[in-house]
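Novice: What follows is a single structure, and I will ask about it in a moment.
Please treat every number below as a calculation from the coordinates, not as lab data. All values reported here derive from a predicted model rather than from experimental measurement. Neighbour counts run over all protein chains shown; Cβ positions are idealised from the backbone, glycine included.
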Ligand SMILES: Cc1cc2nc3c(=O)[nH]c(=O)nc-3n(C[C@H](O)[C@H](O)[C@H](O)COP(=O)(O)OP(=O)(O)OC[C@H]3O[C@@H](n4cnc5c(N)ncnc54)[C@H](O)[C@@H]3O)c2cc1C
């Protein structure tokens, strides 16, 4: 098998400016996607560019009020980093199994842009931004603007995902639930990541993201606005029903080999309802 | 004499742990050819034309015209071809194979074969096969087997019943997912075909090749390579692969390797038969006094072993219960699905799931505790079985039940409804398993076992049974060494080679320890008498059923099995009230499998068998849609991982079988059959509903609970 192993980020970007490559970080998505028959190497649609070893693409740091995670940082490092908010760590700790988490990267999960990518719902609710680099340009987009469809995103062929960054939220309530096909090495039937904060009975923050229930992860800010700035005493059954119904319009899952559309939708909305009920005073 | 049950280090453990064991795919030779099968991409069709790519030199195509003898895999009906002839009957059926020196090229060429089909209306389900509205696949009515037996006066029992309860149960497909995919290496040298590979039954493969080549038996040799799991999946199916590899070797004169990719193995090899089981019970004075069990198996495209799987299901139809008036009907239906085949339990898991769940439901209806209700119906020594066989040994179900109830604190926990915010449930099952081949199987087999004492005073075990992870390399050595009073290290037991070993039958039906081990035990006794230091002594014996066993294969009357093992399981589950995800928290088991030949190995069988049964009941979903399985990779076909395994607590009760070695009975399949009904009972307990189908998916529970709410 042929491929390019650049020594630095610059060399990688230089190579990408000249021709099309398929970047490979951990390869845990790509090796499976392009596998053919036993004992044959996978057949990639273009020449592989190995980036997993590039030091500039790895690491987690706090910059001002932001956490910055470089694209090729291993899932297992993020899982263990005290800098990283628990909602993302929880999601990662339920991905795959330790062996895959020691190979797979956050950049791979983002650029793979699968509706079932488990880092995505937490990154959506964290309002994460992705930074893309090409030889001559640096672009910064919100993750929800970056991802456009199942396996589709705004990355150009000459770009690498460089880092993902977000502010650490100051929330009082948090929920992460992955409903998978089993407890380990399982893809999501659906997942829900939610954050909220209520102070003196006032809900000043409310964000919720759903995975594997539509072509891209679902986050609907207009509905979040309706919950925000309410007083917890206003979370009546009617109001909760209304919110649940509104999300129901956005949650459009499919039947597939892992689950059914009915199950995905019903359970996603049940988890939403459970989170709203958590905000209510006992 | 040591205690035979005391665990020793397994003989096959070091090489497997260190990675030095060589599996079929680890063997390479210069000039070896690789084979890839070109398969049907239609569930049912007539082949109109085949267009081959231009083949470079050194590459060849092998198809039905290259079968020197008969293009039929020898089994029971011999209807299954190695290569499709004019018609394909399932998606993935082999049509031809391409052999060549470079895998890449073989792959490319095999993808370039163009086949034109004319579709024939396919039949997928038991119902479609039963209706018989489309051209039949087999015979005139799609039935590979259609059986029936009776005991007592079932019609009378239904006439006089206080109440009649009728229920219908469904079970799904199950795929084996052994660690090592199937594969064979074949050679043609000096007029002889030799096949090496992963298998459970070297003589099945040998007999299949004799028929396929039309060769006398001394021109066929079959050697087992270290086998990474079988679970029944390597009972009949290896003959298919061995045949194709051998035809390629015969045509090219080269050594040929045909090893399946995992995806091929998941989609195109045999699986457990889905079933529909209808049970009708006649209830009198709160007891089941009459029963009719109607079993339908979806058997797939070719008969394979389905008729015998159906028999085992039918003989297990009343479970561990004495019911005096019995009618059991059974049919195996042809469909356009990959042939369904042997899988640990062989029909019994379907039947035991149905009868156990039925008994739970009837107990609930009668307002009785299911454990007590079942105990009231249980078999006792001296009872006759459903087929009218005599239970000659003590049936220690009361002791088994007492132990498991105490160990699991069943009644205490039964009161519990919630735990850590989850819905909590506990379930119990009680069951039996017939040891050895079904019906007249052992009589037909007439297994031979041989011991050869060499001049160096070491003893070779010469049998055709294989180690596939279940432990005979260790347990059979222990048996022979113990009888002879020599160290286990002085007993040699190689992977069988049909040139060297007699036919001691297949490694199936939980028969290796009890039947073959029992035979070896008697051979060893005789060898001990004939022992001459420094000289070679060979002793051989043929298996004979005990004189008292009576069986009529034409009426299914008498002793369906020479002996039975017994067991009870208790399972605790927690069900998430929002998502209906089922977590199996604890699994308890008490078995009477006779004398354990090694307690650690038995413990391994219990954990593995029960986990496979738990998977069967919950996670292992395989759906057939539009002619193909929806779950056809190990990403999508879900078996339990270590994270999904419950905590196990197990114990044994020992009622020895006098013809088993040191009193051993059967163990391998017994450990699987009771798990699914116990899981089902636990989920029913947690949710307060009745269930009729496995696998129990959260998706299904959601629908059922929504109905319940409305
Ligand atoms: C057994 C198993 C279990 C799994 N379980 C889960 C799970 O539970 N949840 C889940 O979400 N995923 C799961 N996955 C999928 C996979 O492991 C993750 O998506 C992982 O994060 C991918 O990272 P990677 O570095 O291996 O990606 P790669 O395979 O290297 O790449 C994935 C994609 O991203 C592109 N890419 C990678 N890095 C960059 C970059 N810096 N710039 C531009 N493009 C880039 C590649 O070109 C490719 O298109 C599983 C995979 C396996 C094999």
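Novice: So, in nm, how far is label residue A:139 from label residue B:390 when the simple model puts each one 7 Å beyond its Cα toward the Cβ?
Specialist: 8.6 nm
Novice: Which residues in the stretch A:59-93 have a backbone N closer than 19 Å to a point placed 7 Å from the Cα of residue A:33 along the Cα-to-Cβ line?
Specialist: Answer for the stretch A:59-93: A:71-75.
Novice: On to the next question. Percent relative contact order of chain A, based on C-alpha pairs within less than 8 angstrom and at least six residues apart?
Specialist: On the way: 570 pairs, mean separation 42.3, N = 282.
About 15 percent, as a whole number.
Novice: Counting DSSP beta bridges with both partners in the protein assembly as shown, what percentage is antiparallel, nearest 5?
Specialist: DSSP beta bridges in the protein assembly as shown are roughly 80 percent antiparallel.
Novice: Can you compute the modelled spin-label distance between residue B:444 and residue B:26, with each label point 7 Å from Cα toward Cβ, in nm?
Specialist: In this crude spin-label approximation the distance works out to 3.6 nm.
Novice: Just to confirm my numbers, what's the Cα centroid distance between the stretch A:22-41 and the stretch B:378-439 in Å?
Specialist: Answer, in whole Å: 48.
Novice: Among B:10, B:372, B:170, which comes first, then next, by fewest other beta-carbon atoms within 10 Å? Don't skip to the answer; put the middle values down first.
Specialist: Details: B:10 19, B:372 10, B:170 16.
Ordered by Cβ neighbours within 10 Å, fewest first: B:372, B:170, B:10.
Novice: As I understand it, the value is the acute angle between the Cα axis of helix A:261-279 and the longest principal axis of the Cα atoms of chain A; what does it come to in degrees, rounded to 10?
Specialist: With rounding to tens, the tilt is 60 degrees.
Novice: Which of B:554, A:229, B:275 has the fewest other C-beta atoms within 10 Å, and how do the rest follow up to the most? Display every interim value, and only then the final one.
Specialist: Values: B:554 6, A:229 12, B:275 26.
Fewest to most other Cβ atoms nearby, the residues stand as B:554, A:229, B:275.
Novice: Considering Cα pairs under 8 angstrom that are at least six residues apart, work out the relative contact order of chain B and quote it in whole percent. Write down the numbers at each step before the final one.
Specialist: Working: 1741 pairs, mean separation 111.8, N = 710.
Averaging sequence separation for qualifying contacts and normalising by length gives 16 percent for chain B.
Novice: I would also like to ask the following. Within the stretch B:346-371, which residues have the backbone N less than 11 Å from the label spot 7 Å out from residue B:284 along Cα→beta-carbon, could you tell me?
Specialist: Taking a point 7 Å out along Cα→Cβ of residue B:284, no residue of the stretch B:346-371 has its backbone N under 11 Å.
Novice: Please compute the contact order of the stretch B:132-207 in relative form: average sequence separation of alpha-carbon pairs under 8 Å and at least six residues apart, divided by the residue count, as a percent.
Specialist: 14 percent
Novice: Moving on to the next point. Name the most mobile residue of A:79, A:163, A:56, meaning the one with the largest mean-square fluctuation, in a Gaussian network model of chain A with Cα contacts below 10 Å.
Specialist: Looking only at A:79, A:163, A:56, the biggest GNM fluctuation is shown by A:56.
Novice: Right, here's the next one. With a point put 7 Å past each Cα toward its Cβ, work out how far residue A:5 is from residue A:184 in nm, to one decimal.
Specialist: It works out to 3.0 nm between the two label points.
Novice: So what is the calculated 222 nm ellipticity per residue for the protein assembly as shown, using -39500 (n - 2.57) for each DSSP H run with n of 4 or more, over all residues, to the nearest 500 deg cm²/dmol?
Specialist: Numbers: 30 runs with 284 residues, N = 992.
Helix-only estimate at 222 nm: -8000 deg cm²/dmol.
Novice: Sticking with this one: With r defined as the distance between the Cβ atoms of residue A:232 and residue A:55 and R0 fixed at 35 Å, what FRET efficiency is calculated, to the nearest 0.05? Each step should come with its number before you reach the end.
Specialist: Details: r = 48 Å, r/R0 = 1.36.
The computed FRET efficiency comes out at 0.15.
Novice: Compute the length gained on full extension between residue B:690 and residue B:548: take 0.36 nm times their separation in residues and subtract their Cα-Cα distance, giving the result in nm to one decimal. Spell out each step's value before the answer.
Specialist: Values: separation 142, 0.36 × 142 = 51.12 nm, distance 4.25 nm.
Separation in residues times 0.36 nm, less the Cα-Cα distance, equals 46.9 nm.
Novice: Related question: Give me the percent of DSSP beta bridges within chain B that run antiparallel, rounded to the nearest 5.
Specialist: Working: 98 of 125 bridges.
Percent antiparallel among DSSP bridges in chain B is about 80.
Novice: Which residues in the stretch A:167-196 place their backbone N less than 19 Å from a point set 7 Å from the Cα of residue A:246 along the Cα-to-Cβ direction?
Specialist: It comes to A:193-196, nothing else.
Novice: If you don't mind, there's one more thing I want to ask. For chain B, rounded, prolate or oblate, judged on the Cα gyration tensor with a ≥ b ≥ c (square roots of eigenvalues), a/c < 1.5 rounded, else prolate if a/b > b/c? Intermediate values should be presented prior to the final figure.
Specialist: Working: a/c = 1.67, a/b = 1.20, b/c = 1.39.
Oblate.
Novice: Classify the stretch B:1-143 as rounded, prolate or oblate, taking a ≥ b ≥ c as the square roots of the eigenvalues of its Cα gyration tensor: rounded when a/c is under 1.5, otherwise prolate if a/b is larger than b/c and oblate if not.
Specialist: Numbers: a/c = 2.79, a/b = 1.31, b/c = 2.13.
The shape class here is oblate.
Novice: Something else now. Using alpha carbon centroids, what distance separates the stretch B:503-549 and the stretch A:232-270, in Å?
Specialist: Centre-to-centre (Cα) distance: 65 Å.
Novice: Right, next: Residues of A:256-263, mean number of Cβ from any other protein chain within 10 Å of their own Cβ, rounded to a whole number?
Specialist: Working: counts 2, 13, 7, 4, 6, 1, 4, 9.
The mean count of partner-chain Cβ atoms within 10 Å per residue comes to 6.
Novice: How would you classify the protein assembly as shown from its alpha-carbon gyration tensor, with a ≥ b ≥ c the square roots of the eigenvalues: rounded for a/c under 1.5, else prolate if a/b is greater than b/c, otherwise oblate? Don't skip to the end; give the middle numbers.
Specialist: Numbers: a/c = 1.81, a/b = 1.30, b/c = 1.39.
Note, shape of the protein assembly as shown comes out oblate.
Novice: Let me ask you something else. With r as the distance between the Cβ atoms of residue A:47 and residue B:54 and R0 = 35 Å, compute the FRET efficiency 1/(1 + (r/R0)^6) and round to 0.05. All intermediate terms of the calculation are to be shown ahead of the outcome.
Specialist: On the way: r = 29 Å, r/R0 = 0.82.
Step by step, r from the Cβ atoms, then E = 0.75.
Novice: Which length gain, in nm to one decimal place, applies between residue B:64 and residue B:125 when the Cα-Cα distance is subtracted from 0.36 nm times their residue separation? Write down the numbers at each step before the final one.
Specialist: Working: separation 61, 0.36 × 61 = 21.96 nm, distance 2.88 nm.
Length gained, residue B:64 through residue B:125: 19.1 nm.
Novice: Helix A:237-250 versus the longest principal axis of chain A: what is the Cα-based angle in degrees, 0 to 90, to the nearest 10?
Specialist: The two axes meet at around 30 degrees.
Novice: As an exercise, use a Förster radius of 30 Å and the Cβ-Cβ distance of residue B:555 and residue B:376 to find the FRET efficiency, rounded to the nearest 0.05.
Specialist: That pair, residue B:555 with residue B:376, gives E of 0.50.
Novice: Which one of A:221, A:38, A:63 has the biggest mean-square fluctuation once chain A is modelled by GNM with Cα springs under 10 Å?
Specialist: Top of the fluctuation ranking is A:38.
Novice: Helix A:9-18 against the longest principal axis of chain A: what's the angle in degrees, Cα atoms only, rounded to the nearest 10?
Specialist: Helix A:9-18 sits at roughly 80 degrees to that axis.
Novice: A follow-up question, please. Rounded to the nearest 5, what % of DSSP beta bridges with both residues in the stretch B:384-502 are antiparallel? Write down the numbers at each step before the final one.
Specialist: Working: 7 of 9 bridges.
Beta bridges within the stretch B:384-502, antiparallel portion: roughly 80 percent.
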